[in-house]
1. Cβ under 15 Å from Ala86's Cβ, Ala86 left aside: what net charge do those residues give with Lys, Arg +1 and Asp, Glu -1?
2. Between Ala25 and Asp129, 0.36 nm times their residue separation minus their Cα-Cα distance comes to what?
3. Please name which of Thr107, Phe133, Tyr173 has its Cα lying farthest along the dipole of the chain towards the positive end, using unit charges on Cβ (Lys, Arg +1; Asp, Glu -1) and the Cα centre as origin.
4. Could you order peptides 5-15, 48-58, 135-145 by the average number of other Cβ atoms within 10 Å of their residues, highest first?
5. Going highest first, how would you order 127-133, 69-75 by mean Cβ packing within 10 Å?
6. Which value in deg cm²/dmol, rounded to the nearest 500, describes the helix-derived mean residue ellipticity at 222 nm for the chain, given -39,500 (n - 2.57) per DSSP H run of n ≥ 4 and division by the residue count?
7. Got the relative contact order for the chain handy, in percent, Cα pairs under 8 Å and 6 or more residues apart?
8. Excluding residues fewer than 8 places away in the same chain, name every one of the lysines whose C-alpha is closer than 26 Å to that of Lys18.
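The numbers here are math on the coordinates, done by the rules we state, and not lab data. Note that this is a predicted model, so its numbers are computed, not measured. Using ideal geometry, Cβ is built from the backbone for each residue, glycine included, and neighbour counts are taken over all protein chains shown.
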Amino acid sequence: MAGSLQDQLKKSGLVSKKKSQQLDAEKRKKIKAKNKGQKSNNEIAEKVKQAKLQKNQDDQKLNQQQQQQIKQNEEKARINQIIDRAKIKDCDGDTAFNFQFNNKIKTLYLNKENYDALVAGSLGLCQIDNIIFLLPKATVNKINSINPVYVVLHQDKPNTTPESESDAPYADYEIPDDLMW
């Protein structure tokens, strides 16, 4: 009694040859469908996993952008509050002060006291929403420490005379008496 059960059933006459072939075909179809289903299930699972990973990354980027926008809005509100408290009012005058803002030369008309203080560096200029404000040096330093984007004009050092700076590198050299210009 060697052989498969199907061969034994054919020999005994319980199963016909045609029925045996149908059973074999059904068996092959089931195996093929099972293998195909496993591959597609694995592929689908992999695609779902990648989609979830991509969505998580997109969500993280969006969250970071939102957090940064919130931080910028808070920073702007804080600077706006500082400027409102410390801005110098009644600075209009006849003396023109020219400065560069957004790659353009702007003119601000100030009274003589504010003009001298601005040139000396004890005052500075800051901007919010393209509006220029005249502020004390301490306030400009505070705004500069928060975000230097809002500072338009800030002088840390008092102005030195240009002659003393330009002569400094040649101070060690003696000027000859017979030099002809």
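1. Surrounding charge for Ala86 is +4.
2. Gain on stretching Ala25 to Asp129: 29.6 nm.
3. Positive-end residue among those listed: Phe133.
4. 135-145, 5-15, 48-58
5. Sorting 127-133, 69-75 by mean packing, highest first, produces 127-133, 69-75.
6. Computed mean residue ellipticity for the chain: -19500 deg cm²/dmol.
7. 13 percent
8. Filter leaves Lys10, Lys27, Lys29, Lys30, Lys32, Lys34.
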